[in-house]
Structure formats: C-alpha cells, structure tokens
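Right, I'll just put the structure down here and ask away after.
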Amino acid sequence: MPKELTLFESATSGLRVSKHGRVIQIVADGNGACVVMDTEYNAAQKWASSRASAGSPGNDRSKFLDQITTLIARPGSFVSTRGTDKPLEDIARLMLSSGFDLNDWALPPTVKVLFSKGPAAQKAKSKTPQDGDPPVGEPE
C-alpha cells in the first residue's frame, strides 16, 4: 500500500525550493516564483507536514501558501506579492544581499522606491528614521 502524501509533500511536488541566506525561493517552472522569509516558510512547512494531502497538488499548494503572510513574487506568478511594507522591505534587503535583482520582482511602489536609484529614492530614504534619530515629535 503506497504511503499517503502529506499536504507539504503534495504542495511542493513539481516545485524547486532553494535557500539563499535567510530567504527561501520557491520556483514553479513556467508559472513564476516567489521569495519568503525562512521563518515563515518553516512554520508553513511544519503546519503542512502535519496534514494529509487533499489529493490535488494545486489545491494543496494554495493551502500551503495561504499560511505565508508575506512574500515577494515575480510578475505573472502563481501567487501575488503580499504583506505590509516593513516585512517586504526586510525580504527585499535580504534578497539584495543574496544577489537577487529586485527589478525582476513585483514590489509595491512604496517599497520599490526605497531600492531604486534617483532623486525620488533618495528623498524616500532620507525620510526613513535611522538608529539614533530622535522619535518623531520630540526635539533633537
């Protein structure tokens, strides 16, 4: 009798999963890719490994990815970029340090401007509080 697949095994069948520092890249050949934090991926993996497959890799993949709240996807991928700006900025920084080209990824405009070159990016970066800056509304 064949072993019953877990939701995780079914969801990741046909995917290439690779670790790049603290981020995980999930690639579905011909259907795009996404990048997630390793901590979120590991939590979703643990959740999905404790559940039986529903029998449909596509449905299992959707259930698995629903457990991940923040991810950056390539345009036209099987999943869309989602999450709030700060966690997306963190993933984007880690992607840069791992050698990813952010121009290949679907970043929201509020995050993209922080990583682009030019006057608009410099203005946005200058508004980001730095360590040692006084809290907003307090004298320097």
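What is the set of long-range amide H partners of residue 81 at a cut-off below 5 Å, with H atoms built 1.01 Å from backbone N?
73
Can you list residues whose amide H is under 5 Å from residue 5's amide H, if they're 5+ apart or on another chain and H is modeled 1.01 Å from N?
53
Could you run the Karplus curve 6.51 cos²θ - 1.76 cosθ + 1.60 with θ = phi - 60° over the range 44-53 and give me ³J(HN,Hα) per residue in whole Hz, x for Gly and Pro?
My calculation for the range 44-53 gives 5, 4, 4, 4, 6, 6, 9, 10, 7, 5 Hz in order.
Still on this structure, please answer the following. Toward the positive end of the charge dipole of the range 7-126, about the Cα centre and with charges on Cβ (Lys, Arg +1; Asp, Glu -1), which of 110, 100, 69 goes farthest?
110
Subtracting the Cα-Cα distance from 0.36 nm times the residue separation, let me have the gained length for residue 17 to residue 50 in nm, one decimal. Walk me through the numbers on the way to the answer.
On the way: separation 33, 0.36 × 33 = 11.88 nm, distance 1.92 nm.
Using 0.36 nm per residue and subtracting the Cα-Cα distance, I get 10.0 nm.
Along Cα→Cβ, 7 Å out, is where each label goes; now give me the distance between the ones at residue 116 and residue 93 in nm to one decimal.
In this crude spin-label approximation the distance works out to 2.1 nm.
May I pose another question? Fully extended, how many nm does the chain gain between residue 62 and residue 4 (0.36 nm per residue separation, minus their Cα-Cα distance)?
Taking residue 62 through residue 4 to full extension adds about 19.0 nm, to one decimal.
Please give the charge dipole size of the range 7-126, origin at the Cα centre, charges +1 on K and R Cβ atoms and -1 on D and E Cβ atoms. Round to the nearest 20 debye.
So the dipole magnitude of the range 7-126 works out to roughly 280 debye.
Coordinate-derived values only; no laboratory data. Here the structure is a predicted model, which means the values were calculated and not measured. Neighbour counts are summed over all protein chains in view; Cβ atoms, including those assigned to glycine, are modelled from backbone coordinates with ideal geometry.
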